[in-house]
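Student: The structure's right below; bear with me while I get my questions together.
The values are calculated or read from the model by the stated rules, or taken from the named source; none is laboratory data. Just so it is clear, the structure is predicted and the values come from calculations on it, not from any experiment. Here Cβ is always computed from backbone atoms with ideal geometry, including for glycine, and neighbour counts include all displayed protein chains. Ligands, DNA and RNA are stripped out before the accessible areas are found, and what is left, the full protein with its side chains, is counted by its heavy atoms. Shrake-Rupley method; radii C 1.70, N 1.55, O 1.52, S 1.80 Å.
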Amino acid sequence: METNSKSNQTPFPSGGDGGRPEAILMKGNEAIAHAAIRCGCDGYFGYPITPQSEVIETLAELKPWETTGMQVVQAESELASIYMVYGAAGAGKRAMTSSSSPGIALMQEGITYMAGAEVPGVFVNVQRGGPGLGTIQPSQGDYFQATRGGGNGDYKVIVLAPNSVQEMADFVDLAFELAFKYRNPAMILSDGVIGQMMEKVVLPPQKPRRTDEEVIRECPWASTGKPKNRERVVITSLELKPEEMEKRNIALQEKYRKIQENEVRYEMQQCDDADYAIVAFGSAARIAEKSVELARAEGIKVGLFRPITLWPFPTKEIAALAQGKKGILVAEINAGQMV
């Protein structure tokens, strides 16, 4: 297996016997909840919806407000939950939510507000079939919505696509890291397969939540009150003067270019001698991995390229991969959005 240097996901020790990593059997949705607590999340605001309801159910069972002080709120709707995330993140807190496809659609206005105001936050989309309310079966039909910007304006969201329960756990902390590094919303784009399946997972070690003093020091842009020794901070995406809006848009586009330069993540398997390549992400990549194995057993040289960041997308890397190949197959659980 070949993995670019930025996408190596090393298991974290979880304080098992003798300090060794302890593997636990759990669902992908449950891994999200455990990882949120362990990475120092300050608040989760969500609403139950199939197939991701175990996220908030697990948090309710774990009661992190009694251990780390992390707040867990079941909002009255997806609309309420996204604006709770906006408010908490605007104060520099690590805030997140999760939903599935129709719920994420309802959150798009809040997500575009956060992108425009440069407020970091994490969103988990455990996709199901659509359009509309659709079905409760797994799907990858939200690729366009996630990678093209499902709300208004020229904005981008960092999109991570896990293909295992382990990556569901690992990507929570990574999503927060990238969101705060670039002051930009980050999404974990999963699906009903990864959310509901059970696998062994090594959970990350417990990080302490940041103190208010640490938040103020690390997030000078955040709205944390107005003492005498600091300038007033206003969090907004609204600019009434066209020239100011133009400056903001130009600055956002420059930031997106930096993210594209620095944060592309992908994985390659058996591509060096391959005549053919399969490109797939998420749960489809797991199926493709088995297809590669079966093809190789029959003497057909096939490799697998798995985008881990769907945005920024590994465009240059796939272009290089295509050189000398007889063909490339793009496998998706949708009508062909990534292709």
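Student: Using DSSP to call loops (not H, G, I, E or B), can you name the GluC sites (Glu not before Pro) in the stretch 268-339 whose Cβ has at most 11 other Cβ atoms within 10 angstrom?
Tutor: Those satisfying the criteria are GLU298.
Student: Calculate the spin-label point distance for ARG296 paired with TRP221, positioning each point 7 Å from the Cα along the beta-carbon direction, and give it in nanometres.
Tutor: Result for the modelled spin labels: 4.3 nm.
Student: DSSP loop (so not H, G, I, E, B), at most 16 other Cβ within 10 Å: list which GluC sites (Glu not before Pro) in the stretch 40-78 pass both filters.
Tutor: GLU76
Student: If packing is taken as the average number of other Cβ atoms within 10 Å across a peptide's residues, how do 105-114, 266-275 rank, most packed first?
Tutor: Ranked from most to least packed, the peptides come out as 105-114, 266-275.
Student: Which value in Å is the Kirkwood Rh of the chain over different Cα pairs?
Tutor: It works out to 20.7 Å.
Student: Pull up all non-local amide H partners of GLU267: gap of 5 or more, or a different chain, and H-to-H distance under 5 Å with H placed in the peptide plane.
Tutor: Amide H to amide H, under 5 Å and 5 or more residues apart or across chains, GLU267 pairs with ARG306, ILE308.
Student: Would you mind pulling out the separation of the Cα centroids of the stretch 48-71 and the stretch 265-301, in Å?
Tutor: Answer, in whole Å: 36.
Student: Shifting gears a bit: Take VAL234 and MET198, extend 7 Å from each Cα along the Cα→Cβ direction, and tell me the distance between the two endpoints in nm.
Tutor: 5.4 nm
Student: At 7 Å along the Cα-to-beta-carbon direction for both ASP154 and ASP272, put a label point, then send me their distance in nm to one decimal.
Tutor: According to this spin-label approximation, the distance is 4.2 nm.
Student: Which FRET efficiency value, to the nearest 0.05, do you get for LYS316 and ALA60 by plugging their Cβ-Cβ distance into 1/(1 + (r/R0)^6) with R0 = 41 Å?
Tutor: 0.40
Student: Would you kindly give the portion of the calculated P(r) for the stretch 261-339 that falls above 18 Å, as a percent of all Cα pairs?
Tutor: 36 percent
Student: Write down the radius of gyration of the stretch 226-270 and its Dmax, each obtained from C-alpha positions, in Å.
Tutor: 17.8, 60
Student: State in Å² the accessible area per residue of the stretch 139-233; use a 1.4 Å probe, count heavy atoms of protein chains only, and round to the nearest integer.
Tutor: 44 Å²
Student: Right, another one. Apply the Kirkwood formula to the stretch 195-339: the hydrodynamic radius equals the inverse of the mean of 1/r over all pairs of different alpha-carbon atoms; give it in Å with one decimal.
Tutor: Across the stretch 195-339, the inverse of the average 1/r is 19.8 Å.
Student: Which shape class applies to the stretch 136-239: rounded if a/c is under 1.5, otherwise prolate when a/b exceeds b/c and oblate if not, where a ≥ b ≥ c are the square roots of the Cα gyration tensor eigenvalues?
Tutor: It comes out oblate by the Cα gyration axes.
Student: Beta carbons within 10 angstrom, averaged per residue: use that to sort the peptides 123-135, 235-247, highest first.
Tutor: Result, highest mean first: 123-135, 235-247.
Student: Now for a different question. Can you give me the relative contact order of the stretch 49-124 as a percent, contacts being Cα pairs under 8 Å and 6 or more apart?
Tutor: The normalised contact order for the stretch 49-124 reaches 33 percent.
Student: Ignoring any ligand, DNA or RNA, what whole percent of the accessible area of the stretch 129-192 comes from carbon and sulfur when the probe is 1.4 angstrom?
Tutor: Result for the stretch 129-192: 52 percent of the exposed heavy-atom area is carbon or sulfur.
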